[in-house]
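Below is one structure, written out as C-alpha cells; the observations come after it.
The values are calculated or read from the model by the stated rules, or taken from the named source; none is laboratory data. Note that this is a predicted model, so its numbers are computed, not measured. Don't worry about glycine lacking a Cβ; one is built from the backbone with ideal geometry, like all the others, and counts go over all protein chains shown.
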Amino acid sequence: MTMLVREAMENGLAIELFDGNKGTIELKHEGKWIKAKKDIDNNKEYHLDMTTGKFLTHYYNNREDRYVNIKNITQWFTQARIITYDYKFAKLVLFNKRQEAFSSYSNPARFIAGLSHKNCSNCEKWEAIGVRIEEVEQILNEYNVGRQVERSKWRRQFFDKIRYAPNEIDKELLKIIQNYEDPLSIKKLNNYCSNDYSYQKHIILQKLIEYEKQEEYADLFLVEEFGYRKHGLESIISTDNHSWDKSRLLNTIEQYNIDVDRFVKYLRELKDFERTDIEWILDNYKDYLEAELFLRGGKLRKVNKYPNNLVQMHHNRTSVLKEIKREQERLKDLEQRKKDKAIYDSHKNLEWKPKNNEYCIIAPKCADDIIEEGNKMHHCVGSYIGRISAEETFIVFMRRQEYEDIPFITVQITDGKLTTALGYSNRRIDPVEREFLEKYADKKGLEYTAYTRLTEA
C-alpha cells in the first residue's frame, strides 16, 4: 500500500475518480449495489445493480424505486465531481477506467455501468482475497504521484481481461497464487487459471525453473525474444511471453509421464550432441512419442522416452506410423467399398423390364450412379448415398426401355414402400407414368405411397 493511500485511509480523505464542477457525486459499494448520491440533489440517487448492469432510481420521498434507461440519466452525471471513500472500491474503479472496453465512453454513467462487467467483478474478487494485480498497482501508483488516470488511448494497454474468478480454479493452485508476495500480472494470473493448467503442471514447471537457474542448464529453454522488435533470447518457462509453447511442453511431460530430472539431462545431451534446441523438441518430441506409443500397442510402459539419436528415431517412427495409417485408410476404404457393393447387389431384384411396355426399372450398381443421376436430373438424390450405405433407404431409376442410359424418373423405396417418384428438377410425374409405377409396386410387393392411386382418384 502506497503512502498516499495509507494517509488517505487514516485521515478520511476522498479519492477523486472524475473531475467536475456541477456538484459532487459520492460512490459507495454495498453488496451488489453501487450507490451514487449527489450533494445538490435532494430528490433522488441512482443505484447500479452489479448483477444486471442496470440503474435504479431511488427517491427520497418514498416514491416507488424503479429501473431506468441509462440514456435518461447521463445528464445527472455530466460534469460532476465523482469521489469515493472506499479505497478497495477505488482501486477497482481506477483499474476499470483504463480498460479498452470503456475507451469510447464519454459519460461517467456509462463508465460506472461498465463496473458490472465480469472483468471488473473478477478483479474485485482477487483483491478481496489478498491477491495483488500488477496492473492495478501500477494505476494506483500513477494516481499517488499525481497523475490523472484517464481512459486508455493505446488499444493494447491492459489488453488482457481477468478471465477467471478465484472460485473457478483448483484449490491447490489458489493457495499458491495467494502465497505470492509480489503482484501478479493479468497475463500470468490467466495462465495460472486456464483450464489447461493444473497443480501437477505447476509442480513440473517449478522443477524446470529450478533447473534453469543452474548454469549447466540455463540455455536449454531459450528461444528468440517474443514481439515485433527482437533483441535476443528469452525463456519459455520463466517468462509469460510463450504461454502456448510452455503449455505444449508441460502437456507432453504430463501426458507421457516424463521424469523431469531425466528429461532435463536428456535435453542437455540432445543440445550438445544432436544440436537440437527446445523449438525442435516442441515440434517433434511429442510426434515421436505418439508414434512410439502406437507402435508399442498403446502401452506407455514400453515406450522408449529417451532414445539415442532422437532425430533419426523421430524420422523412423513417424515414417512407419504414416505408412501404417495410410494402409489402414486404404483398407478402410476397401471394406466400405465391399459393404456398399453388397448393398447395391442385394437390390438387383428391384429391377423390372416388362415386355411390350415403354418403361422399365433399373437399379444402380454403385454410389457413382446415384451421383450422376442427381447431377443430370438437377435434384438432390446424390445426398442419399449416406442413407443407402446405412441401409435406411434405396434408389432405383425409371427409364424408357429404348433409352436405358438416359435418366428419366428417380424413385425412392424405403421400408417396403415406394415413397417418392420425381422427374427432371423434381417434376411431378404424369398419369401414364404413375400407372406404370403402380403396376411396378404391385409386382414387387411394395406399398405405393408416392401419389394417390389412379383408381382412388
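Filtering Gln79, Gln75 for residues that are more than 33 Å from the chain's Cα centre (by Cα) and in a helix (DSSP H, G or I) leaves a single hit, Gln75. Being of a type outside the set (Ser, Thr, Tyr), in the same structural domain as Lys22 (by TED's automatic domain parsing) and at pLDDT 90 or above: is that true of Phe102 here? Here the answer is no, as Phe102 does not meet what is asked. Residues that are modelled with pLDDT of 80 or more, exposed (fewer than 12 other Cβ atoms within 10 Å of the Cβ) and either outside the structural domain of Val131 (by TED's automatic domain parsing) or out of contact with any His (no Cβ under 8 Å at 6 or more places or on another chain) (or both): does the stretch 77-88 have at least one? No, the stretch 77-88 contains no residue that is modelled with pLDDT of 80 or more, exposed (fewer than 12 other Cβ atoms within 10 Å of the Cβ) and either outside the structural domain of Val131 (by TED's automatic domain parsing) or out of contact with any His (no Cβ under 8 Å at 6 or more places or on another chain) (or both). Across the stretch 190-220, the qualifying residues are those that are part of a loop (DSSP other than H, G, I, E, B) and within 28 Å of the chain's Cα centre (by Cα), and the one among them that is surrounded by the fewest Cβ atoms within 10 Å (Cβ to Cβ) is Asn195. For Leu334, state whether it is surrounded by fewer than 18 Cβ atoms within 10 Å (Cβ to Cβ) and of a type in the set (A, V, I, L, M). It is true that Leu334 is surrounded by fewer than 18 Cβ atoms within 10 Å (Cβ to Cβ) and of a type in the set (A, V, I, L, M). Entry remark, the stretch 292-316: residues being assigned to a loop (DSSP other than H, G, I, E, B) and among the basic types (Lys, Arg) number 3 in total. A single entry from Ile406, Ile371 fulfils the requirement of being of a type in the set (A, V, I, L, M), surrounded by fewer than 18 Cβ atoms within 10 Å (Cβ to Cβ) and touching a Gly at 6+ places or on another chain (Cβ under 7 Å): Ile371. Whether a residue is part of a loop (DSSP other than H, G, I, E, B), of a type in the set (A, V, I, L, M) and out of contact with any strand residue (DSSP E or B) (no Cβ under 9 Å at 6 or more places or on another chain) was assessed, and Ile253 does not pass this test.
Condition check for Asn167 on (1) over 17 Å from Glu254 (Cβ atoms); (2) within 24 Å of the chain's Cα centre (by Cα); (3) assigned to a loop (DSSP other than H, G, I, E, B); (4) not hydrophobic (A, V, I, L, M, F, W, C): one failure, at (3).
Rundown of residues vs (1) in contact with a Pro (Cβ under 6 Å, 6 or more places away or on another chain); (2) β-branched (Val, Ile, Thr); (3) more than 26 Å from Ser194 (Cβ to Cβ), yes/no style:
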position	(1), (2), (3)
Leu250	no, no, no
Glu269	no, no, yes
Phe273	no, no, yes
Tyr288	no, no, yes
Ala291	no, no, yes
Gly297	no, no, yes
Met313	yes, no, yes
Glu323	no, no, yes
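Scanning the stretch 47-72 for residues that are part of a loop (DSSP other than H, G, I, E, B) and without any contact (Cβ under 8 Å) to a residue 60 or more places away in the chain yields Tyr60, Asn61, Asn62, Arg63, Glu64, Asp65, Asn69. Being at pLDDT 55 or above, in a loop (DSSP other than H, G, I, E, B) and either surrounded by fewer than 16 Cβ atoms within 10 Å (Cβ to Cβ) or of a type in the set (Val, Ile, Thr) (or both) is a description that applies to Arg147.
Could you say whether any residue in the stretch 371-389 is assigned to a loop (DSSP other than H, G, I, E, B), modelled with pLDDT of 95 or more and out of contact with any Cys (no Cβ under 9 Å at 6 or more places or on another chain)? No: zero hits.
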